[in-house]
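S.K.: Sending over a structure as structure tokens; questions will come in a sec.
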Amino acid sequence: MTTESLLHQKTQELISAAGLDETKKDKGFVERLYPRLPLIHRLFTEIYASHPDAENQFFQFIESLIMGYKAREKALRIRDAEKAKKGIWFLSNELAGMSLYVDRFAGNLKSMPEKLPYLEELGVNFLHIMPIFESPEGESDGGYAVSDFRKVDERFGTLEDLISLRKKMHATGMYLMLDIVLNHTSHHHDWAKKAKAGNKGYQDFFYTYDNRWIPNEFDATMPDIFPESSPGNFTWNEEMGKWVMTVFHSYQWDLNYTNPVVFREMLENILFYGNLGVDLLRIDAPAFIWKKTGTASQNLPEAHALLQLIKQCVQVATPGMAILGEAIVAPKEIIKYFGTGEFIAQECDFAYNATQMALQWDMLASGETQIMLNAQHEILKKPYGTSWITYTRCHDDIGLGYDDYMISQAGKEPYQHRKFLKEYYSFSDNQWMSPARGALFSSNPKTGDARISGTLASLCGLEKALIENDEFSIDLSIRKILMMQAHSIFLGGLPMLFYGDEIGYTNDYSYQNDPSKSYDNRWMHRPIIDWEKVARSKKEGTVENQIFSGIKKLLSIRKEKALFSDLSNISWLSPHNIHIAGLVRRMGNDRIYCLYNFSDQAAYLTWYAFREQGEGSEFLKDLWSGEEFKIGLDQEYLIIKPYGFVILEPK
Ligand code: GLC
């Protein structure tokens, strides 16, 4: 049993062996580390208590932490200190993000800097670069099957290109977000290759089994993630003569975090990314990192403990790097990734507001807001000091992950309602009722579940309207696109646009001809950017121009008002009109109302909706249209156009 003083003493020895200077240069580091040591030790031993070598492993782990800090360059340490001075830097309304694939957006990393002014013009200063570390072409899952966590894939460039891009970005006030694929590696990763060659130590990096007994036990309670392309959770590996756990695709081998060596190796990779200058680290699929037979092997307490431990370590070694947990799970489970109990706001700094994202699509299809409001009691539990990534689309499918009771409480039958949504968004020849052109992703005939693929524009009807050359519908779909963007931009959190959506890219069906992609229809919404199309965004009146300039304006409105910082300052207006989703953001005496009409008819809202919020002003000005309204006099109601919205500031 290690006492606190022994813990301290041994750590001190490691620190001096690493040549750090506790009294001067590295004082900040030890001041962060020492007070956290007992907690770090407790978390580590809780997870690895039954491991025969736990104590020894712990000090190796601490050594990795020390080395991670030691490798941090001066410029990044200065940046850490500047961020700390700002308080919780990432809550700011001045940050606005975009996710993109460097190859599909710019060609490669070297060409990225020349595209930065385009992003700057739009108002984007936070870049999520989709996975760029080595990943075998053809078995890459868009880069989420990593064969080397430290080598940039040649397709994108080199590590030096990445560092040089980051330096340019930081110099112009931009922020960088990268992924760490924590749950699995490619089967071409060195660890997997050694496991295949028979190395028992590396076989223990993964969940490997000689026969089907334990795999069957797992499969009995674990859902299928990709039921069409990769059913089941295990794959037989002929070379090894064993079954290996592959929750996602058969070429993605799940890492075994019951092995502390795996955790240490991955912590070193996390700190390596921190030292590349990453401002926000997206931890891919954290819900899956701990497995247990008899459970769904998602959201287990040990997964949370591992994340809490990662958070502590990052705060010590690379404190300027915030953490985003990509947990796309049930609403009440997502919230837990911000930390619970003594770890509130001490786990992930960010999570995706996947619930609201999906509900936005629910509202667009149904024209009604009740189900969305029924989910707020979960969503609004987000603790102060943490934040959401808010978005309309990302590189993944849209999962209708909110709970059935939220649907029932709105008086709808959950199965039928989900069926309606899936039919509404997936294109078929007899899809007479909907302008959306998407496709079902990962349909599971066993459960009836399915998710939805398609670009923002195609799902909002632009693809169909353009094919039919129907001016009225083109206009309507642009209104939908902007309303959906406005809804996510003012929702509270860091808005993350998905590249291509800023100029209305519709689905790209060319993936169907590429055998390495044809099994995965998420590629339909991952466009290859044509810079001539982008140039049309400059030409007044074009579709691209209307969308680009609309989003630009929305981001600039948000950037101007500090109350759009994520201060947990949101309340929803009561549903006087079920078609209108309305919220109020407050800071001190300031307040702004954001209201969205999700129906295809003009929607009328009683002015009482504002008065009951305590609104005393006579006038409200719409920051979007410039229009001014006199409460209750000019007209009896506030009227919002079909798929229109208003951002109202009292005068
Ligand atoms: C995450 C990624 C997704 C990927 C999966 C497996 O959910 O966003 O694109 O397929 O993890 O790595």
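Read the figures in this text as sums done on the coordinates, not as results from a lab. As the structure is a prediction and not an experimental result, all values here were calculated from the model. In this analysis, Cβ positions are derived from the backbone assuming ideal geometry, glycine residues included, and neighbour counts consider all displayed protein chains.
S.K.: How do W572, W607 line up, fewest other C-beta atoms within 10 Å first?
M.R.: Working: W572 15, W607 19.
Sorted ascending by nearby Cβ count, the order is W572, W607.
S.K.: With everything on Cα atoms, drop me the angle between helix 471-489 and the longest principal axis of the chain, reported from 0 to 90° to the nearest 10.
M.R.: 50 degrees
S.K.: Please work out the FRET efficiency for the pair H170 and F272, using the Cβ-Cβ distance as r and a Förster radius of 22 Å; give the result to the nearest 0.05.
M.R.: Given R0 = 22 Å and the Cβ-Cβ separation, E is 0.80.
S.K.: Starting from the Cα of K74, draw a straight line to each of the lysines and keep only those under 20 Å, dropping any in the same chain fewer than 8 residues away.
M.R.: Cross-link targets: K24, K25, K27, K83, K85, K86, K167, K168.
S.K.: List the pairs from K311/K336; K10/K70; K382/K641; K151/K193 whose alpha-carbon separation is above 20 Å, in the order I gave them.
M.R.: Long pairs (Cα-Cα over 20 Å): K382/K641.
S.K.: Give, in nm to one decimal, the length gained when the segment between E265 and A18 is fully stretched (0.36 nm per residue of separation minus the Cα-Cα distance).
M.R.: 87.1 nm
S.K.: Shifting gears a bit: Taking the Cα centre of the chain as the origin and placing charges on Cβ (Lys, Arg +1; Asp, Glu -1), which of P38, Y48, P414 is farthest toward the positive end of the dipole?
M.R.: Toward the positive end, the furthest listed residue is P38.
S.K.: Hey, rough spin-label estimate for E120 and T221, points 7 angstrom out along Cα→Cβ, what's it come to in nanometres?
M.R.: Distance between label points: 5.4 nm.
S.K.: Still on this model: Need one number: convex hull volume per residue for the range 556-613, Cα atoms only, in Å³. Could you put the intermediate results ahead of the total?
M.R.: Details: hull volume 5.6 nm³, N = 58.
Taking only Cα atoms, the range 556-613 has a hull volume of 97 Å³ per residue.
S.K.: Tally the DSSP beta bridges in the chain and give the antiparallel ones as a percent, rounded to 5.
M.R.: Taking every DSSP beta bridge within the chain, about 60 percent pair in antiparallel fashion.
S.K.: Then there's this: Please give the length that would be gained between A71 and K27 if that part of the chain were fully extended, namely 0.36 nm times their separation in residues minus their C-alpha to C-alpha distance (nm, one decimal). Please list the in-between numbers first.
M.R.: Numbers: separation 44, 0.36 × 44 = 15.84 nm, distance 1.55 nm.
Here the segment from A71 to K27 would lengthen by 14.3 nm.
S.K.: Right, next: Taking the beta-carbon count within 10 Å as an exposure proxy, list Y273, Y596, Y118, Y519 from fewest neighbours to most.
M.R.: On the way: Y273 21, Y596 25, Y118 17, Y519 14.
Least to most surrounded, the residues fall as Y519, Y118, Y273, Y596.
S.K.: If you don't mind, there's one more thing I want to ask. What is the Cα radius of gyration of the range 151-202 over 2.2 N^0.38 Å, N being its residue count?
M.R.: 1.63
S.K.: What net charge do the residues around R264 carry, taking every other residue with its C-beta under 12 Å from that of R264, with Lys and Arg at +1 and Asp and Glu at -1? Could you put the intermediate results ahead of the total?
M.R.: On the way: positive: none; negative: D53, E63, E265, E268.
After counting each charged neighbour, the total is -4.
S.K.: Which of W236, W388, W243 comes first, and how do the rest follow, when ranked by fewest Cβ neighbours within 10 Å? Don't skip to the end; give the middle numbers.
M.R.: Numbers: W236 12, W388 26, W243 23.
Fewest-to-most ranking of W236, W388, W243: W236, W243, W388.
S.K.: Using 1/(1 + (r/R0)^6) with R0 = 30 angstrom and r between the beta carbons of Q635 and E94, what's the FRET efficiency to the nearest 0.05?
M.R.: 0.25
S.K.: Moving on. At q = 0.10 Å⁻¹, what is the base-10 log of I(q)/I(0) for the chain according to the Debye formula with one equal point scatterer per Cα and no solvent? Please give it to two decimals.
M.R.: These q points yield log10 I(q)/I(0) values of -0.95.
S.K.: Ok, one more. Eigenvalues of the Cα gyration tensor times 5, then square-rooted: what semi-axes does that give for the range 496-651, in whole angstrom, largest first?
M.R.: Semi-axes, largest first: 37, 17, 16 Å.
S.K.: Moving on. Given R₀ = 25 Å, FRET efficiency for T340-T45 by Cβ-Cβ distance, to 0.05? Spell out each step's value before the answer.
M.R.: Details: r = 20 Å, r/R0 = 0.79.
Here the calculated transfer efficiency is 0.80.
S.K.: To continue, here is another question. Quickly work out the Y34-to-K538 label distance, labels modelled 7 Å from Cα along the C-beta direction, and quote it in nm with one decimal.
M.R.: With each label point 7 Å from Cα toward Cβ, the separation is 5.9 nm.
S.K.: Tell me, rounded to the nearest percent, the portion of alpha carbon pairs in the range 210-326 spaced more than 20 Å apart.
M.R.: Of all Cα-Cα pairs in the range 210-326, 48 percent lie more than 20 Å apart.
S.K.: Compute the distance from the alpha-carbon center of the range 451-477 to that of the range 518-551, in whole Å.
M.R.: 13 Å
S.K.: Determine the equivalent ellipsoid of the range 267-314 by diagonalising the alpha-carbon gyration tensor, then write out the semi-axes as square roots of 5 times the eigenvalues, largest first, rounded to whole Å.
M.R.: 25, 10, 8
S.K.: Same structure again: Going by alpha carbons, how many degrees (0 to 90, nearest 10) lie between the helix axis of 370-379 and the longest principal axis of the chain?
M.R.: Rounded to the nearest ten degrees, it is 30.
S.K.: I'd like the Kirkwood hydrodynamic radius of the range 58-213, using the inverse of the mean 1/r over distinct C-alpha pairs, in Å.
M.R.: Its Kirkwood hydrodynamic radius stands at 18.1 Å.
S.K.: While we're here: Quick check: pseudo-label points 7 Å beyond the Cα along Cα→Cβ at W531 and S549, how many nm apart are they?
M.R.: Computed distance between label sites W531 and S549 equals 2.3 nm.
S.K.: Here is a further query. If Rh is defined by the Kirkwood formula over all Cα pairs and Rg also comes from Cα, what ratio Rg/Rh do you get for the range 375-439? Walk me through the numbers before you get to the answer.
M.R.: Details: Rg = 15.1 Å, Rh = 14.3 Å.
Dividing the radius of gyration by the Kirkwood radius yields 1.05.
S.K.: Using just the C-alpha positions of the range 100-185 as equal point scatterers, what log10 of I(q)/I(0) does the Debye formula give at each q in 0.18, 0.24, 0.25 1/Å?
M.R.: Relative scattering, expressed as log10 I(q)/I(0), comes to -0.74, -1.21, -1.29.
S.K.: Measure nothing fancy, just the Cα-based angle from helix 54-70's long axis to the longest principal axis of the chain, in degrees from 0 to 90, nearest 10.
M.R.: Its long axis makes an angle of about 60 degrees.
S.K.: Once the cut-off is 17 Å, how many percent of the Cα-Cα pairs in the range 47-124 end up in the long-distance tail?
M.R.: 71 percent
S.K.: How far, in nm, would the chain grow between E4 and N444 when pulled straight, counting 0.36 nm per residue and subtracting the alpha carbon separation?
M.R.: So the chain would gain 153.2 nm between E4 and N444.
S.K.: So if the hydrodynamic radius of the range 399-527 is defined as the Kirkwood radius over C-alpha pairs, what does Stokes-Einstein give as its diffusion coefficient at 10 °C and 1.306 mPa s, in µm² per second?
M.R.: 99 µm²/s
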